[in-house]
Amino acid sequence: VVGLGNFGCCIFGELRRGGVEAVAVALSETEEFAADVRQHHALVVGDARMRATLHQAGVGSAAAVIAVTGDDAVNLSVGLATRQLSRAARTVVRLFDADFARKVERGLGLDGALSASAIAAPTFVAAALYEGVRDAFVIDGELVTLWDHDEPDAWVGLTPEQVAREFGEQILLRKPRHGGGRYV
């Protein structure tokens, strides 16, 4: 992961929660959050746009490289350098401009060029419209929201298909009322 700002630190938190080993690349050991990340992950100091730094970080055996600095040009350079060094590693970069991100993803062969704002916007809208929203995204022009709430009395005893037909809500996951606590 290249970029140890707020976003990069959140990514490391998710990777750690998922049990994924990761390497941080920072320009200096004093970069924001470097000490926090170093507690759980390896830290390579250097410019990730440079092949030597990427090699030192293990790009040759990496499953993926994620570039999330605050600079689109740096993120794009890291993604392209990674693509040159390893066809096996997935390359995902953050770009602030959503239109540019779409063009880069299609035109330059990166696995993901994402705009954090474009990804977050549906969740903000959903949170404004519904209680308990955990996440949201758009598929084929439709806002899909993931939210937690207790089953309304009117739904008790209905199948997910009946809920969809009668109330217009599609249940993707549900946690049984009694036992297990696992989603089905």
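Structure above, values below:
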quantity: Residues that are free of Cβ contacts under 8 Å to residues at least 24 places away in the same chain and under 21 Å from the mean Cα position of the chain (by Cα), drawn from the range 39-60; calculated: Ala42, Leu43
quantity: Lone qualifier among Val163, Val144 - being among the aliphatic types (A, V, I, L, M), part of a helix (DSSP H, G or I) and either in contact (Cβ under 8 Å) with a residue 60 or more places away in the chain or surrounded by 13 or more Cβ atoms within 10 Å (Cβ to Cβ) (or both); calculated: Val163
quantity: Inter-residue pairs, beta-carbon under 8 Å, first polar (S, T, N, Q) and in the range 20-38, second outside any loop (DSSP other than H, G, I, E, B) and open to solvent by 50 Å² or more (accessible area, probe 1.4 Å), 6+ apart; calculated: Ser28/Val45
quantity: Filter result for the condition that a residue is under 19 Å from the mean Cα position of the chain (by Cα) and under 20 Å from Ala52 (Cβ atoms), over Val78, Val92; calculated: Val78
quantity: Residue tally, condition closer than 30 Å to Ser117 by Cα and surrounded by 10 or more Cβ atoms within 10 Å (Cβ to Cβ), over the range 147-160; calculated: 2
quantity: Residue list for the range 44-77, filter: touching a Lys or Arg at 6+ places or on another chain (Cβ under 6 Å) and aliphatic (A, V, I, L, M); calculated: Ala64, Val68
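The values are calculated or read from the model by the stated rules, or taken from the named source; none is laboratory data. For clarity, every value in this text was computed on a predicted model and none was experimentally measured. Methodologically, a virtual Cβ is constructed for each residue, glycine included, from the backbone with ideal geometry; neighbour enumeration extends over all protein chains shown. Remember, those area values only see protein heavy atoms, side chains included, never the ligands or the DNA or RNA. Shrake-Rupley method; radii C 1.70, N 1.55, O 1.52, S 1.80 Å.
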